[in-house]
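No value in this document is a laboratory result; all are computed from the given coordinates. Since we're looking at a predicted model, the values are computed, not measured. Heads up, the Cβs are rebuilt from the backbone with ideal geometry, glycines too, and the neighbour counts pull from every protein chain shown.
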Amino acid sequence: MPADFRPIAQIACEFRFEASHQLRRDDWSDAENDAVFGNCARLHGHSYRLVVTLRGPIDPETGMVMNFQDVKRLVRERIISRLDHQHLNDVVSRLTTAENLLYWIADQLLGPLPADLLARLELWETTTCCAFLADAELQQFAQARAQAAMAIV
Ligand code: NI
């Protein structure tokens, strides 16, 4: 490796949690809810799989972007402990789609994690369907969050 090269890498950790949810708008009729949300308008559960990817410089002393154990501890504390075996509608104030859950998850992780370290969040609702926030969405959200915080101060 060239002496002045600062290597960057991406690391990912996978988590699983079980939770119930219901996609339903109270301001819509049953027929409207059924038409838009189908089966998901009924109370049901998922075995969710969350993949958290970080991107950053490899620390020359440790050889790591971040210790996997630290990533796992943080995500378990901030996310898994609050969502596992819960009814997601009681935890997250928006419709509990995978897309909206991802923004709730990003909101919990930004702060403990510097925004430029969070590279990708993937939430698998079933084995075949996931939503994800890539770098562009995460940076845009981090900026909006930072601006809102400044406006409050
Ligand atoms: Ni569902």
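Evaluated with a Cβ-only charge set (Lys, Arg +1; Asp, Glu -1), the stretch 13-153 carries a dipole of roughly 240 debye about its Cα centre, given to the nearest 20. The alpha carbons of the chain give a radius of gyration and a Dmax of 17.9, 65 Å, in that order. Each other residue within a Cβ distance under 11 Å of TRP104 adds +1 if Lys or Arg and -1 if Asp or Glu, for a net charge of +1. Here the Karplus relation 6.51 cos²θ - 1.76 cosθ + 1.60, evaluated at θ = phi - 60°, turns the backbone of the stretch 72-82 into coupling constants of 5, 4, 4, 5, 5, 5, 7, 10, 4, 5, 9 Hz, with x for every Gly and Pro. When the alpha carbon gyration tensor of the stretch 57-111 is reduced to an equivalent ellipsoid, the three semi-axes, largest first, read 29, 12, 7 Å. With the simple spin-label model, which puts each label point 7 Å out from Cα in the Cβ direction, the ARG25 to MET150 separation comes to 3.4 nm. At what distance in angstrom do the alpha carbon centres of the stretch 1-60 and the stretch 94-153 lie from each other? Using only Cα atoms to place each centre, the spacing works out to 9 Å. Take every Cα pair under 8 Å whose residues are at least 6 apart in sequence, average their separation, divide by the length of the stretch 8-152, and the relative contact order is 28 percent. Over the stretch 69-153, Cα pairs under 8 Å with separation of 6+ residues give a relative contact order of 22 percent.
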